[in-house]
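The values are calculated or read from the model by the stated rules, or taken from the named source; none is laboratory data. Here the structure is a predicted model, which is why all the values come from computation and not from measurement. Using ideal geometry, Cβ is built from the backbone for each residue, glycine included, and neighbour counts are taken over all protein chains shown.
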Amino acid sequence: MTDHITLDNAPPRAVVQFTCTGRAVGKMRNELDVRMVQPMEERFELATDEGPFHGGDASAPPPLALFVGGLTGCIMTQIRAFAKRLGVGLADLRVETRVCWDWAAKGRVYETAPKSFEIDIWIDSDAPRQDQLALVAAARKGCFIEQTLGQGNTITHRLRDGDGWVAVD
């Protein structure tokens, strides 16, 4: 596929694949090399860190901040991109996202579970309310992160063991 995909030359269906290689540096800092490898190539260098609770220096956002920021940015991007395609003028756009997890101490570690995902959207537009609602509905379906969160997903983990891999249950 071409590195310059537009709506006009995009295939009717494609796999979008990202990879990320992380390396531990410092106390709790992680340097991340994030790459889109399909259907085009892009590369980003990011970092995460934790604050004192986990023994970090807070030199970069914690992973949960990037997660919530990614969710917010994803829906905002889709609203803005789809507004153009659907002919809905946007004078302004603001989004507030609240994500809550349950946290429970389990001895020396803890366990978490998602509790709620709430996204409030303010659109300043002269378009009829029905068109704005259709825009948000389309953006929700186009937001990769929201679509991922809305499904039951299986995440596999493997641990390197010599020359092979061992599944982590």
So for the range 134-141 (the condition being out of contact with any helix residue (DSSP H, G or I) (no Cβ under 8 Å at 6 or more places or on another chain) and surrounded by fewer than 10 Cβ atoms within 10 Å (Cβ to Cβ)), does at least one residue qualify? no
I'd like to know if the range 81-88 contains one or more residues that are surrounded by 14 or more Cβ atoms within 10 Å (Cβ to Cβ), within 20 Å of the chain's Cα centre (by Cα) and of a type in the set (G, A, S). yes
Please work out if G70 is in contact (Cβ under 8 Å) with a residue 24 or more places away in the chain and exposed (fewer than 10 other Cβ atoms within 10 Å of the Cβ). no
Tell me, which residue of the range 105-121 that is surrounded by 10 or more Cβ atoms within 10 Å (Cβ to Cβ) and aliphatic (A, V, I, L, M) is nearest to G150 (Cα to Cα)? I119
Picking from D49, D124, the residue that is modelled with pLDDT of 95 or more, assigned by TED's automatic domain parsing to the domain that holds N9 and among the charged types (D, E, K, R) would be D49
Answer yes if at least one residue in the range 34-45 is farther than 20 Å from Q147 by Cβ and surrounded by 13 or more Cβ atoms within 10 Å (Cβ to Cβ), and no otherwise. yes
Tell me which strands (runs of 3 or more DSSP E) are completely within the range 100-169 and hold 1 or more residues being basic (K, R), or say none if there are none. 109-124, 158-161
